[in-house]
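Notes for the one structure printed next.
Please treat every number below as a calculation from the coordinates, not as lab data. Note that the coordinates shown come from a computational prediction; the quantities given were computed from them, not determined experimentally. Here the Cβ positions follow ideal geometry from the backbone for every residue, glycine too, while neighbour counts run over all protein chains shown.
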Amino acid sequence: MTNKLKYVGKSVPMHDVMDKVTGEIKYVGDMKLPNMLYAKLLLSDIAHGVIKSIDISKAQALKGVVKIYTYENTPSTSYNSHIWYDGLKAIEDEYLFSKQVRFYGDRIAAVAAEDKETAERAISLIKVEYEKLPHIISPLEAKENPEYRITSKEIKSGEPENIIQTAEIVVETALKTQKVHHAAMETHICLANKELDGTVTIWTPCQVAFQVQLVVCTALGLPKDKVRAIKAAMGGSFGGKGQPVLEPVCAYMAYDLGKPVKLYMDRTECIIATRTRTATIGNVSTAVDAEGNILARDIKMLVDAGAYMTNGEAVALAMGKKAFRLYKIQNQRYTAEVVYTNTPIGGACRGYGSPQIHALTEINIDAAARRLGMDPVKLRLKNLFQPYDKDSIGGPALGNARVIQCVEKGMEVFNWKEKRERPKAIGRYVRGVGMACATHGNGYYGAYQDYITMSLMMNEKGEIILNSGIHDLGCGTVTTMKQIVSEVFDIPLDKVTAVEGDTFKSPFDSAGTQASRVTFVCGACALKAAEQTRAKLVHYASRILGCAEEQVVLENGMIYASDQPDKKQAYGDMVTSIQKTLSEKVEVSCTYESPANPASYAVNFVEAEVDTMTGMVRILEVLAVHDIGKAINPGFVEGQIQGAIQMGIGFALSEEISVDSGGIVKETNLGKYHIVNAPDMPDVKVMLIEEGEEHGPYGAKSVGEVSTVAIAPAIINAISNAVDIDITALPATPERVLEAIKRKNIISEVRQ
């Protein structure tokens, strides 16, 4: 079947590529409505305190200022921006504006003005007096304070404590991971307008339009039929636009003023005041026998939610579940404690906890291999899951898990043995190789509701319109859906239209773009809708053609009876005949509920060079091997992986949002926040293992999030292989690498 595919499995351009390269595409920043106002936020410049007074007199007197908003003239309803469906429970501790400041970057006020310059000038004129309160920036300190402790979680199988206590070989690893900025090209922005009927319409580059609607309704106290969220063209997200940050504030201002309002952020504001990757402090103890069998493992994570709860508890649980879906460890415990700190807010970020948990555990696996004197690849191969193995804590079936194949194929292509066994270099520059494995999911099955409804119609021109609540984040979702539909109908992609999320026009989608569900779940729905519509077309056409349904042939946009191939007619003509003769439409509405959540796997191999004088690390080569089931669009898949490797290198070596002792963010722009630039990118080779997945469309499963998970531990393992050091905190900056080298030298001298 795979060899006969015509549209699926082909690298075709994104649907909006020409609009993007020509500058014709309209982002929210490009949109302008009549009488539109511009809005700007005033953010806190302290880490913790209570507002004693806000003097807005000078700002209010500025010509062009329409209104200034604070906690005193806005709703005091609490909400949680993480909640994406009715009935989901989480601590609701967010407000449009609050009298209490919880971190540097917290919302204090907003100005609506006639132009940007006036809005920004007015913000600078607002004077705030605070009563400063003690602040906590360390999760370890927060753990000891009852007011900062949120929750604790445990996941367990077997009796790991007893085995670890009696095992002869126990390897312990500690690792601290940092807060990270998503660094999407498009900064956060939102446009809202109050319509004549009182409805608030919101245009937003978001990942879940129905979540935007729900959160805005909660915060403003409005019914859903009065809030419309439209997913706009997006310049990247990586999870940063997965939670409504600006939308509730922008919507309230538009609703209150009865005018369009555009609320926008610059890069500094995005870094300090939106969401970050959740920081963690992890410890793991692993018991192994002399042959390399993992006997038991105990993982402890301290999760820093930041100043507000958002998804702190959810990401803690997500990390734990991933720990049980990579290696066959029958005796394992995962415990997590979630705490507040007076630091930037944690939230969804590509991988949703997987990069943090895998960094800890995969570095630990290499440490165990060193302890045993064993090749780390061999140790992993002895313990990795086989296809169709069961989740050891009773979670969703792992499916056609091909991680072992990824390792075996990858080590061959990477020349692992040759590179690993070469003599160690001596001198300033030394090289090492490392690898790591990772897993991620395909949706919410087994944890939360996971379904989507799509409608699909063929019109009189033979064109197909797929209406659904999908969200293209710039990764090709729209084109992917079109390829799936085109394959079913054997029709060119330019004959298929797939529209994005609009809560007043789109059928309901339970989760949007989250949990790596889009291709696996939404794509499966598109396939089912297309197949049902095709069946309806065939059924009606058989009546028009006077033949059995089995004789109806659909081929390259033409339809005919197999025994009358000379009487072909275009799809559109057949649709017209069906309408005229049978008074029927070729259209279906299809609801698809995901029946599974298999695991996707990634294995990364890395060669790195360490400058032992400066501590600088240069990545020379990366091989990324992925168990993807089937690539709907191989070009998109490789693009996802290339970008994910770039993000993972930054996570490993250079990216960090940190605060000083006063809780003030240090990295406030891209000059200080160091992402990996193109000249520093290594050669990245991509290898896809396409063995199919039962419930995925044409066998496909996810790649977008898992592709950024294995690279950081693979890099740290390569550094350790090169210079025999332990990295205990990410990122492995030159300072931290040098510190580890010096620490090793001191220990060596003492032992001698």
Report summary line: Using alpha-carbon positions, the gyration tensor of the chain gives root eigenvalues a ≥ b ≥ c; with a/c under 1.5 called rounded, otherwise prolate if a/b exceeds b/c, else oblate, the class is oblate
Query raised in the report: With labels modelled as points extended 7 Å from the Cα through the Cβ direction, what inter-label distance (nm, one decimal) is found for Asn415 paired with Thr576?
Result: 6.4 nm
Query raised in the report: Arg422 versus Asn73, label points 7 Å from Cα toward the beta carbon: distance in nm?
Result: 6.8 nm
Query - Dipole of the chain [Lys/Arg +1, Asp/Glu -1 at C-beta], most positive-end residue of Ile657, Ser392, His440 - result: Ile657
Report task. Provide, as a two-decimal number, the C-alpha radius of gyration of region 582-627 over 2.2 N^0.38 Å, N being how many residues it has. Result -> 2.64
**Report entry** Cβ-defined net charge surrounding Leu326, 10 Å radius [Lys, Arg +1; Asp, Glu -1]
**Finding:** +3
Query raised in the report: Rule-of-thumb check for region 394-470: C-alpha Rg over 2.2 N^0.38 Å?
Result: 2.06
Query raised in the report: Ranked by Cβ crowding within 10 angstrom, fewest neighbours first, how are Glu638, Glu291 ordered?
Result: Glu291, Glu638
**Report entry** Where labels lie 7 Å past Cα in the beta-carbon direction, separation of Lys89 and Glu460 in nm
**Finding:** 5.5 nm
Query raised in the report: Hey, what did the chain get for relative contact order, percent, Cα under 8 Å, at least 6 apart?
Result: 16 percent
Query - Between region 200-245 and region 464-519, the alpha-carbon center distance in angstrom - result: 18 Å
Requested in this report: Loop only per DSSP, at most 16 neighbouring Cβ atoms within 10 Å: give me the trypsin sites (Lys or Arg not before Pro) in region 649-752, ordered by residue number.
Outcome: Lys666, Lys672
Report summary line: Where a ≥ b ≥ c are root eigenvalues of the Cα gyration tensor, a/c under 1.5 meaning rounded, otherwise prolate if a/b exceeds b/c and oblate otherwise, region 3-138 counts as oblate
**Report entry** Tensor-based shape of region 78-205 (alpha-carbon gyration tensor, a/c under 1.5 rounded, otherwise prolate or oblate)
**Finding:** prolate
Query - Unmatched cysteines, the chain - criterion: no other Cβ of a Cys under 4.7 angstrom - result: Cys206, Cys217, Cys270, Cys349, Cys406, Cys437, Cys475, Cys522, Cys525, Cys547, Cys590
Report summary line: Percent of all Cα-Cα pairs per 10 Å bin for region 507-635, counting from 0 up to the last occupied bin, reads 10, 25, 19, 19, 12, 7, 5, 2, 0
Query raised in the report: Under the rule of -39500 (n - 2.57) per DSSP H run of 4 or more residues, summed and divided by the residues of the chain, what mean residue ellipticity at 222 nm is obtained, to the nearest 500 deg cm²/dmol?
Result: -9000 deg cm²/dmol
Report summary line: One finds, for Thr728 and Glu531 with R0 = 45 angstrom and r their Cβ-Cβ distance, a FRET efficiency to the nearest 0.05 of 0.30
Report task. Using R₀ = 25 Å, calculate the FRET efficiency as 1/(1 + (r/R₀)^6) where r is the Cβ-Cβ separation of Asp30 and Phe504; round to 0.05. Result -> 0.65
